[in-house]
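Read through the structure below, which is laid out as structure tokens, and then see the notes.
Just so you know, all these numbers are worked out from the coordinates, no wet-lab data involved. A quick note: this is a predicted structure, and the numbers were derived from the prediction, not measured. Neighbour counts are summed over all protein chains in view; Cβ atoms, including those assigned to glycine, are modelled from backbone coordinates with ideal geometry.
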Amino acid sequence: MITGDSIDGVDFISSLPDVILHHILSSVPTKSAIRTSLLSKRWRYVWSETPSLSIDCRRTDPNSIDKTLAFFSAPKITSFHLCTSLLNRIDPLNSWIEFAISHDAEKLSLEFRDFRVRDYKFPDFFYTNSSVKQLLVNSGSVDLIPRCSVSWTSLKNLSLSFCTLSDESFLKILSGSPLLESLELLYCAEFMCLDLSQSPRLKRLDIDRSDWFMGQTKIVAPHLHCLRLRHSRLPCSLVDVSSLTEADLNIYFCDLKTLTTGFLQHNVVKMLQMLQNVEKLTIGGTFLQMLSLAALCGVPFPTLKVKTLTLETMIIRSVIPGITKLLRNTPGLRKLTIHTVKGSSISELHLNDYLRLHSLKQRQCWRSKDSVFPGSLETISMLVGKHAESNLVALFMERLLKSTKSLETMVVLLVGYLDASGFEELLAMATTLSHNNDVSVLIKRSYIKCVSNTFPQR
């Protein structure tokens, strides 16, 4: 309920201009906005002129939705969001989409919550829209395969989730979206090649692939500036990303037994080679583990131009060789962020099996000078008592500091590590690390509510 203080018998909110009231109502679901019509005559038609509609019709009679749209009187829609599970009734769904398009909706968001979505096909008029600038489709594997040409001449941001795309349909979408700047593909299936070479305005690509995805994805994106690959599975081939300046790689692996040393060299390390101009890089823990295997197998690493590096990883010894080699091949690094996350990783058993298959003695590999923390491995593995975890984090930080020469700032974001007393112990240790390595150290306990301390350079 919208209320406000009274001024000369008129509540403050009701006295505001319509344009401000429309802005307020745009931030709530349309069902809630309609309820304001009961407040007074002043509010009776305010909702109907609000240029934003957010409709959840999963538990609503389609006739009620039709009636709502019939009362809508704004000449143009800035944002239209539809959440539906009524795919057993295609006609009203198509008419609602057509309503949004006919009112020149600039932001169109369609969310399908029904297993029968696989049987739904977007009508041809959906693919001809000169007004939409931001399009979001979140569905349960709906086919986004146009039977006609695509004309989204104003589209700048496209986000597709759980959609089925063929390479041919994807090329149609790209050719019909000449102004596209940002593309997000979340858990989309079937496409094998992302050729973005004919999309010079497309600067950002975000891909999140599901675990059941199989096959190789080729990415050709010479104009791309920012690439984010999350939960993707190798092999993933970066054919051309020569303009890339920012990358985020968090890649998973299926079966280490099928991977050869050549695979590490031609896929894992080659991905680093393709990031030749990247200045801001984020790498996930499992990719670091694969880099560790490459380092232990003697695969050469490329020299990178990265200035800002973020490592999202558990503090485990299997990431140390990869991180050490990576840091030594990043001579211009200025800022290093360690985001400790306790999540999925490749088991050490599988890593050791891989080393054995390639005639490497795992105990010697993990004991090498580039594979362990400062001090002996036994010291680390036998840490016990209340200081164990804070000592572990401090030794991890020390190992990384000793592997880089140009670092100015280290940021440690602790998520899932250390209680309050352990955090205080780490702060004390970090003071010494900062002083001994001439590096500013910032420690935080979490992203959301953080306790931090900064140790400046000498």
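Any of 325/361; 342/405; 335/402 with alpha carbons more than 23 Å apart? Name them for me.
Working: 325/361 19 Å; 342/405 28 Å; 335/402 14 Å.
Where the Cα-Cα span goes over 23 Å, the pairs concerned are 342/405.
So what are the ³J(HN,Hα) numbers for the range 28-37, from phi and the Karplus equation (6.51, -1.76, 1.60; θ = phi - 60°), rounded to whole Hz, Gly and Pro as x?
Those phi angles translate into 10, x, 4, 4, 6, 5, 4, 4, 5, 5 Hz.
Rank-order 17-23, 273-279 by packing density, defined as the average count of other C-beta atoms within 10 Å over each peptide's residues, highest first. Intermediate values should be presented prior to the final figure.
Working: 17-23: 13.3, 273-279: 17.0.
With the highest mean Cβ count within 10 Å placed first, the list reads 273-279, 17-23.
Jot down the radius of gyration and Dmax of the range 25-77, Cα atoms only, both in angstrom.
Cα-based Rg and Dmax for the range 25-77 come out at 10.7, 31 Å.
Excluding residues on the same chain fewer than 8 positions from residue 41, give the lysines whose Cα lies under 25 Å from its Cα.
Qualifying lysines at Cα under 25 Å: 31, 67, 76.
Magnitude of the Cβ-charge dipole of the range 52-209, K/R +1 and D/E -1, about the Cα centre, nearest 20 debye?
Numbers: 18 positive and 20 negative charges, 52 e Å.
Magnitude of the dipole: close to 240 debye.
According to a simple spin-label model (label point 7 Å from Cα along Cα-to-Cβ), what is the distance in nm between residue 149 and residue 66?
Using points 7 Å along Cα→Cβ, the separation is 3.5 nm.
Taking the Cβ of residue 77 as the center, what net charge do the other residues with Cβ under 15 Å away carry, scoring Lys and Arg +1 and Asp and Glu -1?
On the way: positive: 76, 107, 133; negative: 49, 98, 104, 106.
Local charge sum for residue 77: -1.
What lysines does residue 203 reach when the alpha-carbon gap must be under 19 Å and sequence neighbours fewer than 8 apart in one chain are set aside?
133, 156, 172, 218, 280
When 1/r is averaged over all different Cα pairs and the result inverted, which Kirkwood radius in Å belongs to the range 28-186?
On the way: mean 1/r = 0.0614 Å⁻¹.
Result for the range 28-186, one decimal place: 16.3 Å.
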